[in-house]
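Each value in this text was obtained by applying a stated rule to the coordinates, not by laboratory testing. Keep in mind that what you see is a predicted model, and the values were worked out from it rather than measured. Reconstructed Cβ throughout: ideal geometry from the backbone, glycine too, with neighbour counts over all protein chains shown.
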């Protein structure tokens, strides 16, 4: 498969899987405002996933549209980072996952908006405003929870520590990522990682949270299709209709 | 078709197509109609989505198609254009006034997110750090006009709105976010 198609699928998969995770909380948010925010962020990510998938499908030229790519692939054909498939834990856990993702997503999408590939730049330019809003919100909330009560601080710190090992994969570039960098399509890993660490560091300092060690051992595999068991369950629910009634349409 | 079709006429028809989520403004007021092209009996309308995930996008496309067909145009082509990305600066002045009359505060300042995405983020950080609210636009209550208002939720009933509350008249209201 063409490297650019694979790279586009990774972008789409990250957005789709996190969107599905957030959608699980629809009607279950800890407060009405949070419920609306989670589902609106999910909606933005879903819209972005559709744009990436449509682009990937057209470039691939095998007739796969956004629905085929979302519903007719099994877990090993998904290339999202492991972070986004982690289950929703307590609310601090959900928010820290979002904050880690949003920070990376913001700098990545910002760079892709300047991509040498015009179509990728257009989609990213559209998504950038949404992604910026997401990061402002999740950063604000990490500060409020981290610098909140003793209990909220403890939960947030625990979440920050537990999810840390899933944050390195995004900056662990393989041959496909490097090809995109060489073509001027994607930003280099070192740049993104430095921006990510700096922003997470700023927010954690304000949130009175202890930043885990940047050189800690990091989990990986998602980009290559090796996932945690969580993704299978997520897909089983998301893809149920097409599995039970292949080809069902509106 | 009795008279030859011209672009200006199509624009007046489109000005009657209401936004499905905020029916008080038209798709033209909203600034999402980027261009209209007329070629004999076929009309091409170029639309840009407000938000990537806006669920109203398809409904808007269908409404545009339906409106033109009602005026006798059978060959309607809808083109989706992502770039340049839609911004609330494209809301027409008439649209802003209509929003206000409907009880939705129009975007307070134009294009914060475009003029400085990084700046916007830095402003949010300094605001949290106790900085003055100079970077935060003051949102006027659409009911009483007071700027003594506060944000209650960053997201509202649709992706394009946030929830506010007026401290003067105590009414809650929707704010059309700057985007």
Find the all-direction average of the projected area of the Cα convex hull for the range B:7-80, expressing the result in square nanometres with one decimal place.
4.3
Taking the alpha carbon gyration tensor of the protein assembly as shown, what are the square roots of 5 times its eigenvalues, largest first, to the nearest whole Å?
36, 29, 19
Using a 7 Å offset from the Cα along the Cα-to-Cβ direction at both residue A:26 and residue B:77, what is the distance between the two label points in nm, to one decimal?
3.5
Label residue A:68 and residue B:152 with points 7 Å out from Cα along Cα→Cβ: what is the distance between them in nm?
4.8
If contacts are Cα pairs under 8 angstrom and at least 6 residues apart, what is the relative contact order of chain A in percent?
25
Per-residue Cβ neighbour rank within 10 angstrom, fewest leading, B:57, B:80, A:103
B:80, B:57, A:103
Given the Cα atoms of chain A, and with Rh set as the inverse mean 1/r over their pairs in the Kirkwood sense, what is Rg to Rh to two decimals?
0.95
If I build a Gaussian network model for chain A, linking alpha-carbon pairs within less than 10 angstrom, which residue out of A:117, A:174, A:35 has the largest mean-square fluctuation?
A:174
Would you calculate, for chain A, the mean residue ellipticity at 222 nm contributed by helices, counting each DSSP H stretch of 4 or more residues as -39,500 (n - 2.57) and dividing by all residues, to the nearest 500?
-22000 deg cm²/dmol
Computed E for residue A:236/residue B:59 - FRET, C-beta separation, R0 30 angstrom, nearest 0.05
0.50
Rounded to the nearest 5, the percent of antiparallel DSSP beta bridges in the protein assembly as shown equals 65
At residue A:197 and residue A:149, where each label point lies 7 Å from the Cα along Cα→Cβ, what is the point-to-point distance in nanometres?
3.6
